[in-house]
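FYI, it's all coordinate maths here, none of it is from the lab. What you see is a predicted model; the values in this text were computed from it and never measured. Heads up, the Cβs are rebuilt from the backbone with ideal geometry, glycines too, and the neighbour counts pull from every protein chain shown.
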Amino acid sequence: NAGVTQTPKFQVLKTGQSMTLQCAQDMNHEYMSWYRQDPGMGLRLIHYSVGAGITDQGEVPNGYNVSRSTTEDFPLRLLSAAPSQTSVYFCASSSTVFTEAFFGQGTRLTVV
Amino acid sequence: AQRVTQPEKLLSVFKGAPVELKCNYSYSGSPELFWYVQYSRQRLQLLLRHISRESIKGFTADLNKGETSFHLKKPFAQEEDSAMYYCALSWGAQKLVFGQGTRLTINP
């Protein structure tokens, strides 16, 4: 009964380093998305995907890359980490456009 | 542009008192609105959505298109209701726009 699984849970990066946040879901959901959560700003959409091979930008895409080679996986890549990317990152999936979004437990990223 | 506003960052009420968490939105189309909740050390989860018109854990929310509001209400607060609450608007392809969140604390 895994649902949406994110790895790692915590990560510290140095400025300029790159890394990939992993997201996997086992519910055969078509829709997947990445959000970042910052104090006082709620969750903001970074990138989303409506199916394997299809991705698009959200509200705050700069500095991030995504790909969707399978239905299950939707990794988020930080190309060159910056302190402004210090945040909590959430991955979510849903079966259709307007149904419930299931969230992962989050990844707390600190860039020093 | 789509926007969701939750005017209260913090809300504190006593157990047994009524609770109302405010949410206002701006969207030119027909909105799909949700309330999500995050309990301490748990992941974000759906509390309720306006089209289902359900009462979940005693909470209800009515969509008021005239006032562009979707306030969350509960007549008698319980201590286990303490959590972070987010109002969200969906405008297609699971693109959710979230409010800033309200941290609700229920005092014993």
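Take each residue of peptide A:38-48, count the partner chain Cβ atoms within 10 Å of its Cβ, and average: the result is 4.
Taken along the Cα-to-beta-carbon direction at a fixed 7 Å, the label points for B:Ser28 and A:Asp26 span 4.4 nm. For GluC sites (Glu not before Pro), the sites in segment B:15-64 that DSSP calls loop and that have at most 13 other Cβ atoms within 10 Å are B:Glu54. 3J(HN,Hα) along segment A:6-15, derived from phi through the Karplus expression 6.51 cos²θ - 1.76 cosθ + 1.60 where θ = phi - 60°, amounts to 10, 9, x, 7, 9, 7, 10, 10, 8, 3 Hz, with x in place of Gly and Pro.
For A:Leu13, nonlocal amide neighbours, meaning residues 5 or more places apart or on other chains whose placed amide H falls under 5 Å from its own, are A:Thr110, A:Val111, A:Val112.
Amide H contacts for B:Gly58 (H built 1.01 Å from N in the peptide plane; partners 5 or more residues away or on another chain; cut-off under 5 Å): none found. Within the same chain, lysines fewer than 8 places from B:Lys95 are excluded, and of the rest, those with a Cα less than 30 Å from its Cα are A:Lys9, B:Lys9, B:Lys22, B:Lys57, B:Lys65, B:Lys73, B:Lys74. Using the average count of surrounding beta-carbon atoms within 10 Å as a protection proxy, the listed peptides B:37-44, B:69-76 rank, highest first, as B:69-76, B:37-44. Here segment B:1-38 is scanned for amide nitrogen atoms under 12 Å from the site 7 Å beyond the Cα of B:Asn64 along Cα-to-Cβ, giving B:21-25. Eigenvalues of the alpha-carbon gyration tensor of the protein assembly as shown, scaled by 5 and square-rooted, set the equivalent ellipsoid semi-axes at 30, 20, 16 angstrom, largest first. The phi torsions of segment A:80-92, fed into the Karplus equation with coefficients 6.51, -1.76 and 1.60 and a -60° offset, translate into couplings of 8, 4, 10, x, 5, 8, 5, 5, 9, 10, 10, 9, 9 Hz, rounded to whole numbers, with Gly and Pro shown as x.
Can you give the charge dipole size of segment A:56-112 about its Cα centre, rounded to the nearest 20 debye, using +1 on the beta carbon of Lys and Arg and -1 on the beta carbon of Asp and Glu?
220
Can you tell which of B:Gly58, B:Gln78, B:Gly29 lies farthest toward the positive end of the dipole of segment B:1-98, using +1 and -1 charges on the Cβ of basic and acidic side chains (Lys, Arg; Asp, Glu)? Checking the options against the dipole of segment B:1-98, the answer is B:Gly29. Taking amide H atoms as placed 1.01 Å from N in the peptide plane, the amide H of A:Gly58 lies under 5 Å from those of A:His47, A:Tyr48, each 5 or more residues away in sequence or on another chain.
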